[in-house]
Amino acid sequence: MKTLSKPNNKPNHPAATSAAGSLLEQQQFWLNNLDAAQQCWNKLSRADLLQSEGMPHRLSRLLKEHYALSREQADHQINRFKQSCQLSPD
């Protein structure tokens, strides 16, 4: 006879916990720097920026659409923006 056990809600792998923490850090970084992003890319609305959640692929798509940039140009701007925010004092 097979016994049923309670499902284990804990991540099976330490990387899952790390990935979740990383996502939360990315979301917090984005919320902390939303005003700077809006100043940097003033053709994007605040709603656009919030919906992107700071995810590079979403931001890249928005920059390509609103600024007629190539994917490489958009990715370069995103990387420069992230670096400038990390170097700025809080």
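Bear in mind that the values in this text are calculations on the coordinates, not laboratory data. Everything numeric in this text was worked out from a predicted model, so none of it was measured. Ideal geometry is used to build each Cβ from the backbone, glycine not excepted, and the neighbour counts take in all protein chains shown.
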Expected output is a single nm value to one decimal: the length gained when fully extending between Leu23 and Arg58, i.e. 0.36 nm times separation in residues minus the C-alpha distance. What is it?
11.1 nm
Would you mind computing, in nm to one decimal, how far apart the modelled labels at Arg71 and Asp35 are, each placed 7 Å from Cα along Cα→Cβ?
3.5 nm
With +1 at each Lys and Arg Cβ and -1 at each Asp and Glu Cβ, the charge dipole magnitude of region 32-87 around its Cα centre, to the nearest 20 debye, comes out at 60 debye
For region 32-87, what value does the Rg/Rh ratio take when both radii are computed over Cα atoms and Rh is the Kirkwood radius, given to two decimals?
0.91
